[in-house]
Amino acid sequence: MKFLDLARVTIRSGSGGAGCVSFRREKYVEFGGPDGGDGGKGGDVWVEAVDGLNTLIDFRYQQHFRAQNGQHGMGRQRTGRNGVDVALHVPVGTEILDEDKQTILADLTAVGQRACLARGGNGGFGNVHFKSSVNQAPRRALPGQDGVERAIWLRLKLIADAGLLGLPNAGKSTFLAATSNARPKIAEYPFTTLHPSLGVVATDDDGFVLGDIHGLIEGAHGGRGIGDRFLGHVERCAVLLHLVDGTAE
Ligand SMILES: Nc1nc2c(ncn2[C@@H]2O[C@H](COP(=O)(O)OP(=O)(O)OP(=O)(O)O)[C@@H](O)[C@H]2O)c(=O)[nH]1
Ligand SMILES: [Mg+2]
């Protein structure tokens with residue numbers, strides 16, 4: 001599976017349905033009162049952390065998500081149907097950032113955790129709401145509230161208990177392969193590892209997750225080598241292991 005840890009998506013919640021202007025029509029009933037129903041509420045946009053995903057690659061293929069609009073109100077005091085919500089399924093460890101890439105809107109760290117990113121608009125009132133003693137035939141109804149449209153960034157920070165750091169070729173991937181069930185690519189040239197990988201280390205009780213990232217060289221903070229792009233993936237680790245090549249000068 002291809003690895004992607006940053007994605008921009010646009011979302012739009014549903015607009016509310018409009019209220020209805022309608023009057024009761026029945027045989028032998030003169031001047032039947034107003035009976036226009038309310039519009040339904042628009043659908044919300046949610047984000048939910050799910051099991052079994054470890055990349056945001058899906059969001060390269062689908063970048064727009066919109067929830068359904070609410071149905072308009074109808075005569076005979078019928079309320080419109082609410083719009084269906086839409087949910088973005090992301091891997092555990094995904095942060096949701098605002099368009100400025102700074103403000104954190106949500107941080108999903110457990111399976112099943114969800115957050116609402118855009119609320120659907122409320123439906124408008126039908127003309128039943130506007131009847132009064134002085135206006136028994138109101139021809140007024142409200143339109144539905146508009147949905148919210150916004151762009152957000154998804155940033156994946158893998159969840160590992162321990163993280164491996166070190167210069168390129170220090171043996172990080174070899175260490176991961178030797179201790180866990182992961183089979184990362186190992187070779188004698190620097191920058192073999194281009195994407196972070198995780199492995200589960202079996203212990204007597206539960207086991208823990210070990211994460212391996214690319215090598216860091218002097219000046220990586222300024223973008224040399226692969227830079228510090230994937231450093232966020234070891235940010236949540238409780239322990240960091242720094243591997244040093246014992247044979248190097
Ligand atoms: N002699 C010796 N060689 C090792 C040891 N550990 C790893 N190597 C070799 O060192 C080379 C680099 O190992 P990797 O595990 O790919 O190194 P890495 O830190 O993941 O490197 P990058 O992913 O490029 O940053 C490979 O050719 C390994 O076979 C060790 O303990 N002793
Ligand atoms: Mg490696």
Value of relative contact order over the chain, rounded to a whole percent, pairs C-alpha under 8 Å and six or more apart: 21
Among the listed pairs K2/K101; K157/K185; K2/K157; K2/K41, which have their C-alpha atoms separated by more than 27 angstrom in this model? K2/K41
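What percent antiparallel are the DSSP beta bridges of region 117-249, to the nearest 5?
Expressed as a percentage, antiparallel bridges in region 117-249 total about 40.
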Run the simple label-point estimate for A87 and A238 please: 7 Å along Cα→C-beta, distance reported in nm. 2.9
Please check the chain for the longest run free of chymotrypsin sites (Phe, Trp or Tyr not before Pro) that are loop-located per DSSP (anything but H, G, I, E, B) and have at most 14 other Cβ atoms within 10 Å. 32-190
What percent antiparallel are the DSSP beta bridges of the chain, to the nearest 5? 60
If you roll a 1.4 Å probe over the chain with all protein chains in place, what percent of the accessible area is carbon or sulfur? 51
Amide H proximity to L4 below 5 Å, modelled H, separation 5+ or other chain, gives L56, I57
When the chain is fully extended, how far beyond the present Cα-Cα distance does F208 get from K185, taking 0.36 nm per residue of separation? 6.2 nm
Computed accessible area, K185, all protein chains, 1.4 angstrom probe, square angstrom: 130
Descending semi-axes in Å of the chain, equivalent ellipsoid built from Cα gyration tensor: 58, 16, 12
From zero up to wherever the largest Cα-Cα distance of region 124-249 sits, split into 5 Å bins and tell me the percent of pairs in each. 2, 10, 15, 16, 12, 7, 4, 3, 3, 3, 3, 4, 5, 5, 5, 3, 1, 0, 0
Grab the DSSP H runs of the chain that are 4 residues or longer, score each as -39,500 (n - 2.57), total them, divide by all residues and round the 222 nm result to the nearest 500 deg cm²/dmol. -1000 deg cm²/dmol
Given 38-44, 88-94, 231-237, the highest-first ranking by average Cβ count within 10 Å works out to 38-44, 88-94, 231-237
How much length would be gained if the chain were fully extended between Q62 and D98, taking 0.36 nm per residue of separation minus their Cα-Cα distance, in nm to one decimal? 11.1 nm
Roughly how many Å² is the accessible area per residue of region 114-227, as a whole number, for a 1.4 Å probe? 55
Could I have the simple spin-label model distance between V200 and A115, label points 7 Å from Cα toward Cβ, reported in nm to one decimal? 2.7
Take T247 and A178, extend 7 Å from each Cα along the Cα→Cβ direction, and tell me the distance between the two endpoints in nm. 1.2
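The values are calculated or read from the model by the stated rules, or taken from the named source; none is laboratory data. On a predicted model such as this, the values are computed, not experimentally measured, just so you know. Every residue, glycine among them, receives a Cβ derived from its backbone with ideal geometry; neighbour counts consider all protein chains shown. Heads up: the accessible areas ignore ligands, DNA and RNA and are worked out on the full protein's heavy atoms, side chains in. Shrake-Rupley method; radii C 1.70, N 1.55, O 1.52, S 1.80 Å.
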